[in-house]
Ligand code: AHR
């Protein structure tokens, strides 16, 4: 909004300065053929229709939202018209094959409403045109079909329903696209006559965009020049201990998504890769020929063959299993784990597998854990097997510390064995949970003291195409009956870490569970089964889809004895309800009619049946733009209690948007900032990005009356297996490497409050850029009475700060102080903790590039 205020001011001054502007000029609308048509709708203007000036020049005022990023989202041959109310309507061709036309409307050519893509053709839609017929008050759409080389048309009044498509004569078309010579070269488009103010608005929009781009590009690398003359500063922070407002007590949480091998091979403690033999080429879109049921498995030795079968599996959800046909004992089936199995000396590991004898005779096997040097670290001999699938369990104790062991299963006699769900699980999981989490990783997350955990994503929640939507019911209960599936980040998801385990983890660390469920539409970047998010769950299946959402709430909260899903939860081992309070519906979706219809159904059903649940809606992937505006409008219309905002921006953006929430309307939906992170070129997680986040988080606390929750994203990343950086916590099989940004999250999580105290910061400089880089936040925890003072200094000089409290109260004379500081490119930094003497008036030095947290302990309570 601030941008538009600036824009209006600029526009206003421009009208005053240039009184002899023309009433009207020519406006040329076009799309460039550059970048395969991805650059959107462009404009140029001219006084005489001959000499043209580009507006931008490379500025797309609206881009296509159709299909997956990369290959789709193209705008070809746009065509514009105005209706009787002056609203602009644009239509364009999506690509060379699609039978749909794209439509979007705008009042001012700057802000565009949601797009729609009606299927109108039996072939494709080339060079579409649109015209408004004042008499019938309808729009006539026409296009060429380059498949049958004919022309077609249809009519609509509202861009929701369309007449049947009919053939038209070429004469029914306006054919008024023209070639115009622009400074960058010639382009084909349309010429319109518009008021000069329209062109001025477009120009000012570009200027405003460029202005913000410059600010958002500010980096510490330029500080030597930007702050060449800056000397160490002094500041004064005045805290009014009596003036506070309540803020959310859930502000800092975590975002879990199975991206970067965060689940299988990561937080989920299973040590066997591809335990279910369900890896399949399509998990990786066919790009890896080794990604099959045999991945991570091999045969060592001779006398045995290893094949995969699907006849009579343990469970239809888990159709593939291994078949070992031994004619002469000696060979072993080997699993290499997640590039090696980590074992700790003296620790116990639960081995289990399903096995059945497929021949008339056969005997047991040895199960061994073997080191790289062939040393046997643990071994066990099984009994014989029956002709039915049977689960066998053994405990193996490692006799050494290793990071690269393998599992070897060796048949002892000839015969044919079917094997499946071959699992090796440390007993030493987080809180000792069976089928639990890797202890070091789960503890690192718990140390943040997150007030909530969002799961299972991100894009994983809504999946790559309808068939890939994350269905919670497939992820509870017996492991062999859970339904594994392709992970949209191009690997495999066993569902071993499923809703049951997520809820358990939340309970174990005292965090609110925050499941995010697809709003009946898949990921907008889907490339499986159709163009992005333009298709939704068929309406005839939506009742069941809605019921699944209601069932989730019953599964989480229902009585273990009297409700169907409560009983199932109890059978799953958790009779006590999980006390679910929040459900996210949708993940940064395109706000289209397809979305709105399905979201509204789910929202209304949850509201009616479970008014106690806070539903969190979605407002697109960015902090501005069509989905943000339309998402907010929908949330306001439906009175959705909270919305999920996402933005990954540069440190400069976070520095220069500290007032983002200051101006949010407190009567509308609350905000869950569900995904955010500061991104620099090369995508490091370093002190510069961490301090930009810390600085911005002072504003989240200040606005904790409207921002209810926030989570950095993504959280976990396995080294060598990342699809996305930066992340908060990196790890390999045996080490956890928290980033500098992690330390910021942890300092906020561990020093959270539920009251925000009025405080004002004055700095001994009038340099606005310097002032913007120092920020403070003061919160109190009403339970302990402790006061937390957070101060960020993103400057290359120190800031000696005098902290003044109007009443010192019962604070201990020494406060714990944590200081995170270093060079801006410093990675994996840790805060230094010491004590600082505090009083009603004390001094604290903020080092250059630092984040300081002081915890004033209330000794009265
Ligand atoms: O956090 C990584 C991805 O970013 C999420 O899956 C998605 O919601 C967003 O685009």
Place a label point 7 angstrom from the Cα of residue 427 along the Cα-to-Cβ direction, then list the residues of region 325-357 whose backbone nitrogen is under 20 Å away.
-> 342-353
Determine, for 523, 459, 844, the number of other Cβ atoms within 10 Å of each Cβ, and report the residues in order from fewest to most.
-> 844, 459, 523
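Given the DSSP H assignment, sum -39500 (n - 2.57) over each helix run of at least 4 residues in the chain and divide by its residue total; what's the result at 222 nm in deg cm²/dmol, nearest 500?
Details: 14 runs with 158 residues, N = 861.
Computed mean residue ellipticity for the chain: -5500 deg cm²/dmol.
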If each of residue 658 and residue 609 carries a label point 7 Å out from its Cα toward its Cβ, how far apart are those two points in nm?
-> 4.7 nm
Calculate the all-directions average of the projected area of region 84-184's alpha-carbon convex hull, and give it in nm².
-> 7.7 nm²
Shape box of the chain [Cα atoms, principal axes, largest first, Å] = 97, 82, 54
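Volume per residue, Å³, of the convex hull around the alpha-carbon atoms of region 301-446? Present the calculation step by step, with values, prior to reporting the outcome.
Working: hull volume 17.2 nm³, N = 146.
Once divided by residue count, the hull of region 301-446 is 117 Å³.
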quick shape note, region 718-861: Cα extents on principal axes in Å, largest first -> 53, 41, 24
In region 46-98, if every C-alpha pair distance is counted and binned at 10 Å from zero, what percent goes to each bin?
-> 19, 37, 35, 10, 0
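Arrange the peptides 676-684, 62-70 so that the one whose residues have, on average, the most other Cβ atoms within 10 Å appears first.
On the way: 676-684: 18.1, 62-70: 20.3.
By packing density, highest mean first, the sequence is 62-70, 676-684.
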Work out the P(r) tail for region 439-478: percent of alpha carbon pairs separated by more than 11 Å, whole number.
-> 73 percent
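Report the FRET efficiency, 1/(1 + (r/R0)^6), for residue 149 and residue 290, where r is their Cβ-Cβ distance and R0 is 56 Å, rounded to 0.05. List each step's numbers first, then the result.
Details: r = 46 Å, r/R0 = 0.83.
With a Förster radius of 56 Å, E is 0.75.
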Compare the peptides 753-765, 223-235 by average per-residue count of other Cβ atoms within 10 angstrom and give them in order, highest first.
-> 753-765, 223-235
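Reported to two decimal places, what Rg/Rh ratio describes region 373-502 when computed on Cα atoms with Rh from the Kirkwood expression? Show your work: numbers first, answer last.
Working: Rg = 18.3 Å, Rh = 18.1 Å.
Ratio of gyration radius to Kirkwood radius: 1.01.
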When N is the residue count of region 658-750, what does its C-alpha Rg come to as a fraction of 2.2 N^0.38 Å?
-> 1.18
For region 771-841, list log₁₀ I(q)/I(0) at each q in 0.13, 0.20 Å⁻¹, using the Debye formula over Cα point scatterers of equal strength and ignoring solvent, two decimals each.
-> -0.47, -1.04
For region 164-197 and region 312-334, write down the distance between their C-alpha centroids in whole Å.
-> 65 Å
Before anything else, pin down the relative contact order of the chain: Cα pairs under 8 Å, at least 6 apart, normalised by residue count, whole percent.
-> 12 percent
Which distance in nm do the two modelled labels at residue 221 and residue 195 give, with both placed 7 Å along the Cα-to-Cβ direction?
-> 4.5 nm
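Taking 0.36 nm per residue of sequence separation and subtracting the Cα-Cα distance, how much length would be gained by fully extending the chain between residue 347 and residue 564, in nm to one decimal?
Details: separation 217, 0.36 × 217 = 78.12 nm, distance 3.94 nm.
Taking 0.36 nm per residue and subtracting the Cα distance, the gain is 74.2 nm.
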What is the projected area of the convex hull of the Cα atoms of region 256-383, averaged over all directions, in nm²?
-> 9.9 nm²
Net length gained if the chain between residue 359 and residue 379 were fully extended (0.36 nm per residue, minus Cα distance) = 4.7 nm
Taking region 144-262, how much of its Cα-Cα pair set, in percent, is spaced more than 20 angstrom apart?
-> 81 percent
Stretch residue 126-residue 507 to full length: gain in nm at 0.36 nm per residue minus the Cα-Cα span?
-> 131.6 nm
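May I ask you to work out the translational diffusion coefficient for region 27-127 at 10 °C, viscosity 1.306 mPa s, via Stokes-Einstein with Rh from the Kirkwood sum over Cα pairs, reported in whole µm²/s? Walk me through the intermediate numbers first.
Values: Rh = 14.1 Å.
The diffusion coefficient I find is 113 µm²/s.
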Sorted from largest down, give the three principal axis spans of the alpha carbons of region 574-645, whole angstrom values.
-> 45, 21, 18
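No value in this document is a laboratory result; all are computed from the given coordinates. Since the model is a prediction, treat every value here as computed from it, not as a measurement. Cβ coordinates were reconstructed from backbone atoms using ideal geometry, including for glycine residues, and neighbour counts include every protein chain displayed.
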